[in-house]
Amino acid sequence: MTIDLRSDTVTKPSDEMLQAMMAAEVGDDVFGEDPTILMLENKIAKYFGKEAALFCPSGTMTNQIAIRINTQPQDEIICDQTSHIYNYEGGGAAYNSMVSMKLLCGDLGRFTANDVKENINPDDIHYARTSMIALENTVNKGGGSVFPLDVIKDIAKVAVEKKLKMHLDGARVFNALVKTGEKPVDHGKCFHTMSVCFSKGLGAPVGSALLGSKEAIARAKRVRKVLGGGMRQAGYLAAACIYALENNVQRLKDDHRRANQLANMFEDKMYVENIISAGTNIVIVSIAKDKSVSDLLNAWKKKGLLAVPFGPNDIRLVTHLNFTDDMLQKVTEVLA
Ligand SMILES: *Cc1c(COP(=O)(O)O)cnc(C)c1O
């Protein structure tokens, strides 16, 4: 038995999900004729109280489209230094949108309205025009930390005041919502555009959506096309996402429980310096400077446990719907 905790993207569709996919009604979505994609787009837009949604192949694409439609060349985005859009999208903001980034040093990726205010550039030709604020919730590099709704609301006020666009990278926003019990629409109100992923904790094989106003999504559709993201009978994929949304959201609390138990297992380990885990589905373990991350990962791998390096001294483990209590028990043995 291999226990794969490298990411919550490693899940495979369940038999029930596959059945839903096989039964999907499909059409050519580039002609706007795939009923299952239209159903998913309607459903997810309503879920967060937004006017419209656009189905895309990946979360990177939804984020990149959001940056493109929310900015002009020479603009600047305010985001945290840990953010996915800065670290893990291949420099896409510069490549696709010709914008720079002002990086904030938040608390596990979470910054405040004040941090934002202090980093809006003055209207002066020496500076890039600040035009967008990007938040991530939960924060991947923050060990799944949750951005508090009060703080998000305060930042949204600054965005309105200063006429900046607000974007959420919500690849794991469902984890945040299940953890806090907050209403999706209360989050939706704070953002111009939101990215959500069905292929992370929700267990669909492929699929993300960008949400926003009708006008924003109409423009997003043009950008998706030029990035090569127009898909044809992709309703088979959208059916998996609908299934995921209807069946796999509440169960995220099981992933959170198992991540907590996993974090606890490291408490008494001599080689561990620090553990970051925010009570959602990510655990980041920092190991002593004189120990090697790759040696430890290789030793685990030999015993059937997979995780990823996450910086020079850090290892990330992520729980997901194919990680069971039996596997959790097995991890105890591997770590012993
Ligand atoms: C996974 C992830 C994405 C999107 O990744 P894709 O692999 O392109 O779907 C975006 N933001 C965060 C925070 C993520 O963890």
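The values are calculated or read from the model by the stated rules, or taken from the named source; none is laboratory data. Keep in mind that what you see is a predicted model, and the values were worked out from it rather than measured. Positions of Cβ are generated from backbone atoms using ideal geometry, with glycine treated the same way; all protein chains shown enter the neighbour counts. Just the protein is used for accessible areas: all its heavy atoms, side chains included, with ligands, DNA and RNA removed. Shrake-Rupley method; radii C 1.70, N 1.55, O 1.52, S 1.80 Å.
May I ask you to list the residues in region 206-216 that are under 14 Å from VAL173 (Cβ atoms) and free of Cβ contacts under 8 Å to residues at least 12 places away in the same chain?
none
Can you pull out every residue in region 150-191 that is open to solvent by 10 Å² or more (accessible area, probe 1.4 Å) and among the small types (Gly, Ala, Ser)?
Residues satisfying the conditions are ALA156, ALA171, GLY181.
Of a type in the set (Asp, Glu), open to solvent by 30 Å² or more (accessible area, probe 1.4 Å) and touching a residue at least 12 places away in the same chain (Cβ under 8 Å): is that true of GLU76 in this structure?
no
Pick out the one residue from GLY143, GLY170, GLY91 that is out of contact with any His (no Cβ under 6 Å at 6 or more places or on another chain), without any contact (Cβ under 8 Å) to a residue 24 or more places away in the chain and within 15 Å of the ligand (Cβ to nearest atom).
GLY91
Tally time: how many residues in region 206-216 are away from the ligand (no atom under 12 Å from the Cβ) and either in a helix (DSSP H, G or I) or open to solvent by 30 Å² or more (accessible area, probe 1.4 Å) (or both)?
4
Considering only residues that are in contact with a strand residue (DSSP E or B) (Cβ under 9 Å, 6 or more places away or on another chain) and either polar (S, T, N, Q) or free of Cβ contacts under 8 Å to residues at least 40 places away in the same chain (or both), which ones fall in region 304-315?
Scanning region 304-315 gives PRO309, GLY311, ASN313, ASP314, ILE315.
Mind checking which residues of region 62-84 are closer than 17 Å to ARG224 by Cβ and within 13 Å of the ligand (Cβ to nearest atom)?
Of everything in region 62-84, those that are closer than 17 Å to ARG224 by Cβ and within 13 Å of the ligand (Cβ to nearest atom) turn out to be THR62, ASN63, GLN64, ILE65, ALA66, ILE67.
GLY229 - would you say it is within 12 Å of the ligand (Cβ to nearest atom) and farther than 30 Å from VAL285 by Cβ? So that I can check it myself, show each step before the final result.
Working: within 12 Å of the ligand (Cβ to nearest atom): yes; farther than 30 Å from VAL285 by Cβ: yes.
Against the criterion (within 12 Å of the ligand (Cβ to nearest atom) and farther than 30 Å from VAL285 by Cβ), GLY229 qualifies.
Kindly provide the set of residues from region 94-110 that are assigned to a helix (DSSP H, G or I), touching a residue at least 24 places away in the same chain (Cβ under 8 Å) and away from the ligand (no atom under 15 Å from the Cβ), ordered by number. Walk me through it before giving the result.
Going through region 94-110, the residues assigned to a helix (DSSP H, G or I) turn out to be 94-97.
Filter once more, so that each one left must be touching a residue at least 24 places away in the same chain (Cβ under 8 Å): 96-97.
Scanning region 94-110 gives a single hit, SER97.
Please determine whether any residue of region 192-205 is without any contact (Cβ under 8 Å) to a residue 12 or more places away in the chain and open to solvent by 60 Å² or more (accessible area, probe 1.4 Å).
Scanning region 192-205, I find no residue that is without any contact (Cβ under 8 Å) to a residue 12 or more places away in the chain and open to solvent by 60 Å² or more (accessible area, probe 1.4 Å), so the answer is no.
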